[in-house]
Amino acid sequence: MTRYLIVHAERRGDDTVIEDPDLTVEFIDGWVLFKDRDLIQPNRVVLAIPAVQVARVERVDDEQNTEGTELAPRKE
């Protein structure tokens, strides 16, 4: 199962895990977009978070595959 850990920039210890077999993540125009590859509505956004509110996004599948780890862009 595809699973992502969302580490929030401001709310320490209030992290979120989102999972779905067909889940993907994209970083577009200051947003972190989680999409589901649904057959009826391809690439539908299931969760959108402003990138400034996210410290990082880690892929944490059951197999603990570290190659899929993706970091959210940081605003400096």
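Using amide H atoms built 1.01 Å from N in the peptide plane, name the residues 5+ places from Thr2, or on other chains, whose amide H lies under 5 Å from its own.
Sorted by chain and number, the residues that satisfy this are Asp20, Leu23.
List the residues, sorted by chain then number, that are 5 or more residues from Ala9 or on another chain and whose placed amide H is less than 5 Å from its amide H.
Long-range HN contacts for Ala9: Val54, Ala55.
Values quoted throughout were computed directly from the atomic coordinates according to the rules given, and no laboratory measurement underlies them. Being a predicted model, the structure only gives us computed values, none of them experimental.
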